[in-house]
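The values are calculated or read from the model by the stated rules, or taken from the named source; none is laboratory data. Fair warning: this is a prediction, and the values are worked out from it, not measured in the lab. In this analysis, Cβ positions are derived from the backbone assuming ideal geometry, glycine residues included, and neighbour counts consider all displayed protein chains. Side chains included, ligands, DNA and RNA excluded: accessible areas come from the protein's heavy atoms. Shrake-Rupley method; radii C 1.70, N 1.55, O 1.52, S 1.80 Å.
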Amino acid sequence: MANENKVQFNLKNVHYAVLTEAKTGGATTYSWGTPVAVPGAVNLNLEQQGEITKFYADGIVYYQSPVNNGYEGDLEMARIVDKMLQDVWGMTLGTTSKVLTENANTEAKAFALLFQIDGDANEDCYVLYNCTGTRPAIAAKTKEDTKEPQTQSSTISAAPLGNGNVMARTTSETPEATKNSWFNEVFVEGAA
């Protein structure tokens, strides 16, 4: 723990990987596509979801249990890349026109969200395994004395997988090989 971060700053290296669930017999397995980079990370603010349930007996809190329902909040990017619009939100790219079309009947796909946060000692890598997101809003305003970029945001909900896994994060003790390959595939503890 000698090199553990005291503070964190600077969101970067945002990636997504589309999630596939397969049911074989009674078991569910999870796999993800190859992570795809989404440049232009601006802000990520995810709040924990879940409450503490209290059971009263003998005039006191006899038992209490916290519930982990994952995280929810906003991912703000300079601009959501076209590939993510297609892979996650199902927009289609015209073969000859090369125009992206959104259809209200297309269902969004679940995905893993991978990202990195710098710290004073280390860069921590994260993966949220089972995310869904709202379509990014469309916003623009007129140019005035200066060009001020407009960003796009998606509200992200990171729910637990069926096996209970919500998130994984590297530590100061994580081997460099694991950190260096973090964005090559979705990390799963014990996977070959």
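Filtering the stretch 32-49 to residues that are more than 12 Å from the chain's Cα centre (by Cα) and either without any contact (Cβ under 8 Å) to a residue 24 or more places away in the chain or in a loop (DSSP other than H, G, I, E, B) (or both) leaves GLY33, THR34, PRO39, GLY40, GLN48, GLN49.
For the stretch 13-22, indicate whether the set of residues that are modelled with pLDDT under 95, surrounded by 12 or more Cβ atoms within 10 Å (Cβ to Cβ) and either in a loop (DSSP other than H, G, I, E, B) or of a type outside the set (S, T, N, Q) (or both) is non-empty. Looking through the stretch 13-22, at least one residue is modelled with pLDDT under 95, surrounded by 12 or more Cβ atoms within 10 Å (Cβ to Cβ) and either in a loop (DSSP other than H, G, I, E, B) or of a type outside the set (S, T, N, Q) (or both). GLY90 - would you say it is in a loop (DSSP other than H, G, I, E, B), open to solvent by less than 70 Å² (accessible area, probe 1.4 Å) and closer than 25 Å to PRO136 by Cα? So GLY90 fits the description; yes.
The residue that is nearest to GLN150 (Cα to Cα), counting only those in the stretch 23-43 that are hydrophobic (A, V, I, L, M, F, W, C) and buried (at least 18 other Cβ atoms within 10 Å of the Cβ), is ALA41. State all residues of the stretch 61-87 that are in a loop (DSSP other than H, G, I, E, B) and more than 19 Å from MET167 (Cα to Cα); if no residue qualifies, say none. Correct list: ALA78, ARG79, ILE80, VAL81. Taking each residue of the stretch 117-139 that is without any contact (Cβ under 8 Å) to a residue 40 or more places away in the chain and looking for partners that are part of a loop (DSSP other than H, G, I, E, B) and surrounded by fewer than 19 Cβ atoms within 10 Å (Cβ to Cβ) with beta-carbon atoms closer than 6 Å, six or more apart or interchain, yields ALA139/GLN150. Filter the stretch 62-77 down to residues that are more than 22 Å from THR20 (Cα to Cα), modelled with pLDDT of 95 or more and open to solvent by 40 Å² or more (accessible area, probe 1.4 Å) and give me whichever is nearest to the chain's Cα centre (by Cα). Of everything passing the filter in the stretch 62-77, ASP74 is nearest to the chain's Cα centre (by Cα). Restricting attention to the stretch 46-61, the residues being out of contact with any Asp or Glu (no Cβ under 8 Å at 6 or more places or on another chain) and open to solvent by 100 Å² or more (accessible area, probe 1.4 Å) number 7. Can you name the residue in the stretch 152-192 that is open to solvent by 50 Å² or more (accessible area, probe 1.4 Å), touching a strand residue (DSSP E or B) at 6+ places or on another chain (Cβ under 9 Å) and in a loop (DSSP other than H, G, I, E, B) and is also nearest to GLU4 (Cα to Cα) among such residues? Ranking the qualifying residues of the stretch 152-192, first place goes to THR171. Among the conditions (1) part of a strand (DSSP E or B); (2) open to solvent by less than 30 Å² (accessible area, probe 1.4 Å); (3) within 21 Å of VAL186 (Cβ to Cβ), the only one that ASP118 does not satisfy is (3).
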